[in-house]
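So the structure is just underneath, and the comments pick up after that.
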Amino acid sequence: MITTRFAPSPTGPLHLGHAYAALFAERQARAAGGRFLLRIEDIDETRCRPEFTQAILDDLAWLGLVWDEPPRVQSAHFDAYRSVLDRLAARGLLYPCFCTRADIARASRGQTPDGAPLYPGTCRARSAEHRQALLAAGTPHAFRLDMAGALAACPGPLHYHEAGHGCVLCHPERFGDVVLGRKECPASYHLAVTHDDAIQGVTLVTRGEDLRAATDLHRLLQALMGWPAPQYAHHRLIRDASGVRLAKSAGAAGLRTLGLTPGEIRARLGF
Ligand code: GLU
């Protein structure tokens, strides 16, 4: 059975781009007699707010969406993410990184597909004693995946099935030693999303094409952790009249401020 999900971050009101993503995921599930789930991706406690979570639930219900299980709320599952970090650390695939943003920007030799500076690997080489001393002193740190070690642990090419296209070959090495967690927050987007897709039994991940490159890394995490490989459908992004992708950060209008009925919103988006 097909299971899809819509996974918004409660950092502001839903806009037309979110409505498209939610309706797309629901349609893929319903057309196949499958299940449609909702997940609130609120791991970034500096940007997410409970009132936006409630507004998202209200707006989705107003649009006429119905989800098949109570929503999964990521901030209630930090222990689960911490346990994944512990398992990776026990296999020698995770290390603490004490570099500041400025250190990394200075030493970086490129960019990851996320647009972040490619980590040069400075802290990978630290001795166990040095790490212990820095940890004992309470030095702020992140946890990074040892990409070379992770690739060695998952031999053979990684790929995924993209709906309507077929097999896509993955190149997770472009992410370098990616951050999977921080001392104060044991989950990055990449870790939480792959863990939760596995736990929720998501078989078809639908999301915007801006996240296509991240799928290469997600397939590596799934292979490392023995999680099932879902299929993927990366969909188009909704843009404003000048062609710019709708984004909360750019002040995209909230769904309910458009003066449109739910039916008109569906029609405008092609549903
Ligand atoms: N939470 C992510 C967002 O708001 C979506 C994650 C995903 O669908 O994989 O863009």
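Observations
- Scanning region 77-116 for residues that are touching a strand residue (DSSP E or B) at 6+ places or on another chain (Cβ under 7 Å) and open to solvent by 60 Å² or more (accessible area, probe 1.4 Å) gives 105, 111.
- Any hit, region 200-213, residues being farther than 18 Å from residue 94 by Cα and more than 13 Å from the ligand (Cβ to nearest atom): yes
- Look at region 150-162: where a residue is aliphatic (A, V, I, L, M) and a partner is surrounded by 15 or more Cβ atoms within 10 Å (Cβ to Cβ) and in a loop (DSSP other than H, G, I, E, B), sitting 6+ places away or on another chain with Cβ atoms under 8 Å, you get 150/93; 153/93; 158/170.
- Among all residues of region 170-190, there is at least one that is small (Gly, Ala, Ser) and within 16 Å of the ligand (Cβ to nearest atom).
- Residue in region 22-31 that is at pLDDT below 95 and within 23 Å of residue 258 (Cβ to Cβ) present: no
- Those residues of region 227-251 which are over 23 Å from residue 56 (Cα atoms), part of a loop (DSSP other than H, G, I, E, B), touching a residue at least 24 places away in the same chain (Cβ under 8 Å) and open to solvent by 60 Å² or more (accessible area, probe 1.4 Å), in sequence order: 228, 229
- Of the strands (runs of 3 or more DSSP E) contained entirely in region 158-221, those carrying at least 1 residues that are open to solvent by less than 10 Å² (accessible area, probe 1.4 Å) and on the phi < 0 side of the Ramachandran plot fall at 159-162, 179-182, 204-208.
- Enumeration of residues in region 1-46 that are among the hydroxyl-bearing types (Ser, Thr, Tyr), crowded, with 21+ Cβ neighbours inside 10 Å and either without any contact (Cβ under 8 Å) to a residue 40 or more places away in the chain or out of contact with any Asp or Glu (no Cβ under 9 Å at 6 or more places or on another chain) (or both): 20
The values are calculated or read from the model by the stated rules, or taken from the named source; none is laboratory data. Since the model is a prediction, treat every value here as computed from it, not as a measurement. Glycine gets a Cβ as well: all are built from the backbone with ideal geometry, and neighbour counts include every protein chain shown. For the accessible areas, the whole protein counts, side chains as well, though only heavy atoms, and no ligand, DNA or RNA atoms are used. Shrake-Rupley method; radii C 1.70, N 1.55, O 1.52, S 1.80 Å.
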